[in-house]
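Read the structure below first, then the notes.
The values are calculated or read from the model by the stated rules, or taken from the named source; none is laboratory data. All figures in this text were calculated on a predicted structure; none of them were measured in a lab. Backbone-built Cβ (ideal geometry, glycine too); neighbour counts: all protein chains shown. Just so you know, the surface numbers come from the protein's heavy atoms only, side chains and all, with ligands and any DNA or RNA stripped out. Shrake-Rupley method; radii C 1.70, N 1.55, O 1.52, S 1.80 Å.
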Amino acid sequence: TYTAGGGGHFHTYAELQAQANRLSNVLADLGVQRGDRVAIVLPQRYETAVAYRAVLQMGAVGMPLSTLFGPEALEYRLQASEARVAICDGACIDAINEVRDDCPLLEVVIGVDDAGRRADLEFDLALAQESVQFELVNTHADEAAVLIYTSGTTGNPKGVLIPHRALIGN
């Protein structure tokens, strides 16, 4: 690992894989299984890459949600997707906590950085307690990998599943 001029850290692919394995183990400990939805409500940052890698390698389905969404937009997508876990940072932890009671299937919120204090689990602390070993799930090409939602300009947003085979093009 080396530090950039602006203070940000650059990580190796080996470190990315190790952290993804740790997060996969955290999610598995929480009961996340193949096909379960995991909401990823993060901007472009290192933990976002870790989250997608972790979710995809265990056969779960990553669901990207914008950090700009307000409580109603988050609630609709969390309910409709039946997301079991949400991973977020300080930009949206309050909005997610505001709608949690209306999302009974959302069992755990994992907070990155300052959101960790207001979440069920703190990202870095949870990962630090897990093994860097994780046995990858052998997913099928047509198996769901990512669930995105349309903008909802002509009614409610609709979920669109993207299979593993399409990830390379996305």
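Comparing Thr153, Thr12, Thr48 in a Gaussian network model of the chain, where Cα atoms under 10 Å apart are tied by springs, the biggest mean-square fluctuation is seen for Thr153.
GNM on the chain, alpha-carbon springs under 10 angstrom: the most fluctuating residue among Gln33, Gln133, Gln44 is Gln44. Select one label from (i) 0.95; (ii) 1.03; (iii) 0.99: the one whose number is Rg/Rh (Cα atoms, Kirkwood Rh) as derived from the coordinates shown. Of the labelled values, this structure produces (i).
Per residue, how many Å² of accessible area does the chain show with a 1.4 Å probe?
52 Å²
How large is the charge dipole for the stretch 1-160, taken about the Cα centre, if only the Cβ atoms of Lys, Arg (+1) and Asp, Glu (-1) carry charge, to the nearest 20 debye? Kindly include the intermediate steps, with their values, before the conclusion.
Numbers: 11 positive and 22 negative charges, 75 e Å.
Here the stretch 1-160 has a charge dipole of around 360 debye.
Considering only alpha-carbon pairs that sit under 8 angstrom and 6 or more positions apart, the relative contact order computed for the stretch 36-142 is 26 percent.
Rounded to the nearest 20, the size of the Cβ-charge dipole of the stretch 113-153 about its Cα centre is 160 debye, with Lys and Arg at +1 and Asp and Glu at -1. Measuring nothing but protein heavy atoms, the accessible surface of the chain at 1.4 Å probe radius is 51 percent carbon and sulfur.
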